[in-house]
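Every number in this text was worked out from the coordinates using simple rules, so none of it is lab data. What you are looking at is a predicted structure, and each value in this text was computed from that prediction instead of being measured. In this analysis, Cβ positions are derived from the backbone assuming ideal geometry, glycine residues included, and neighbour counts consider all displayed protein chains.
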Amino acid sequence: MDFKFIHAADLHIDSPMRGLSAYDGAPLERLRSATRQTLISLVDLAIEEQVALVLYVGDIFDGDWADFHTGQFFREQNVRLVREGIRVYIVKGNHDAESQITKVLPKVEGVHIFDHKRCESQEIPELKVALHGQSFKQRAVTDDLAADYPVAKEDWFNIGLLHTCLTPETAGTHLPYAPTSVTTLASKGYDYFALGHVHQRQVVREDSPRIVFPGNLQGRHANEPGTKGCELVTVRDGHIESQHVSLERVRWHRLAIDATDLANVDMLAVACAAQLQAQFSDAPEPLHAVRVKVHGQSELARIEAAQRGTVEAAVRAAAQDLQGLDVWIEKVELELSAPVDRTELARRGDALSEVVRLVDELAGDDIAVLTWVRAELQDLKELPVELTSLAPASLDADALRELLADAEATVLAKMPVGKSDQTKQEKAT
């Protein structure tokens, strides 16, 4: 029998977006409601497509609810699905494991949560579909849960639901929970393995079985960029047709602007607006939250050194001038240096040449940079406990070299413009 189902994971409903109040002009309500709005869109899609099943593969919540409103909202969306004859199947992940969620709401008939004690199977005879899954009992599950999943029910369409890091290669920065292997999953003989936990969409295997991480439903910060949504799967005569459907209300991006040839804030604003327009013109919706990095050797380094915040203000102004696009600049990062000849500067016999020579001497020697920094800062008072990890003595050589390079760039940006530099600057402007 032909049917459709939706595979989603890592909803993190009402996930707290900490620190937003520090961003002047941030669209706070839109950001905070994004996880709920994307779930509403998923339910709308399920009803419109007349799917038979919706699968939620872990981390529906971001931990214990602050109050009952979070759970009631999710329950309300499930009621909408069930009233349309759509079954819902859930496995709990590390964030919403049995031990994590303490509050309880009445069950919804037609919504099944897989047991955490063992893998269990649910059969839908009219579709000849068998679903196999196991929830997390506690947050940190390090066992290979998939190893105990049963083999496929013969001549039925078999779906496995598993919250897992899978392998170190697929896990990326995610914690290594319920690790397993593609070989183990394939040995079960299923048609589709619906995975959760990894927030970046990955099609791990195309078929026999098809193994997919759909990614999280809504990106929550700049480290979760790109389109987010769910898998809409159509099964025809046992064959799978699948598409990823974008549902996010806020899409996160990282944008790098090379400022090498930009001599003033007007040039920066024009370049920034052009890149934003080019990147988002094909997708005017949803809200685009952008972290911008301005980098390179540029006169903008001197401008910024003279008046802190100038570069960030120019970037935000560029976003304000865009037409037909919904863009919010989440943060502006600077990696700017003044356009100076370091080799020539090092030959000079003044304090600036001493700075350049010292940075060069320390750059290639781990022991030298560690020894020098600790000696120079030995009289530094002890930092508060919450800042201990930032203390120079706790940093490695690479981190200290980055700090020295930043310090040098700041000093050189503040240095008076020489005659030859002045001529270049006048030509540029």
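Loop-resident chymotrypsin sites (Phe, Trp or Tyr not before Pro) (DSSP state other than H, G, I, E or B) in segment 59-130 with no more than 13 further Cβ atoms inside 10 Å of their Cβ: PHE68. Each peptide among 128-136, 34-42 gets the average number of other Cβ atoms lying within 10 Å of its residues, and from highest to lowest they stand as 128-136, 34-42.
Look at where the Cα atoms of segment 1-63 and of segment 199-261 average out, and the two centres are 13 Å apart. A cut-off of 5 Å between modelled amide H atoms, ignoring neighbours fewer than 5 places along the same chain, links VAL141 with ALA178. Placing a label point 7 Å from the Cα of ASP44 along the Cα-to-Cβ direction, the residues of segment 258-300 with a backbone N closer than 13 Å are 286. Phi angles across segment 130-137 convert, under the Karplus curve 6.51 cos²θ - 1.76 cosθ + 1.60 with θ = phi - 60°, into 3J(HN,Hα) values of 10, 10, 10, x, 8, 7, 7, 7 Hz, Gly and Pro given as x. Restricting segment 136-209 to GluC sites (Glu not before Pro) that sit in a DSSP loop and have at most 10 other Cβ atoms within 10 Å of their own Cβ leaves GLU154.
Per residue, the chain reaches -9500 deg cm²/dmol at 222 nm when only DSSP H runs of four or more residues are counted, each adding -39500 (n - 2.57).
Between LYS117 and ASP67, with labels modelled 7 Å along Cα→Cβ, what's the label distance in nm to one decimal, could you check? Rounded to a tenth, the inter-label distance reads 3.6 nm. A cut-off of 5 Å between modelled amide H atoms, ignoring neighbours fewer than 5 places along the same chain, links GLU333 with VAL292, LYS293, VAL294. Given springs between every Cα pair under 10 Å in a Gaussian network model of the chain, which of LYS137, LYS188, LYS117 has the largest fluctuation? Most flexible of the set in this elastic network: LYS117.
Measuring against 29 Å, Cα to Cα, the residue pairs LYS103/LYS331; LYS107/LYS128; LYS117/LYS153 contain LYS103/LYS331 as the ones spanning a longer distance.
Taking Lys and Arg as +1 and Asp and Glu as -1, the other residues whose beta-carbon sits under 14 Å from that of GLY71 total -1.
Packing, taken as the mean count of other beta carbons within 10 Å per residue, orders the peptides 192-202, 298-308 from highest to lowest as 192-202, 298-308.
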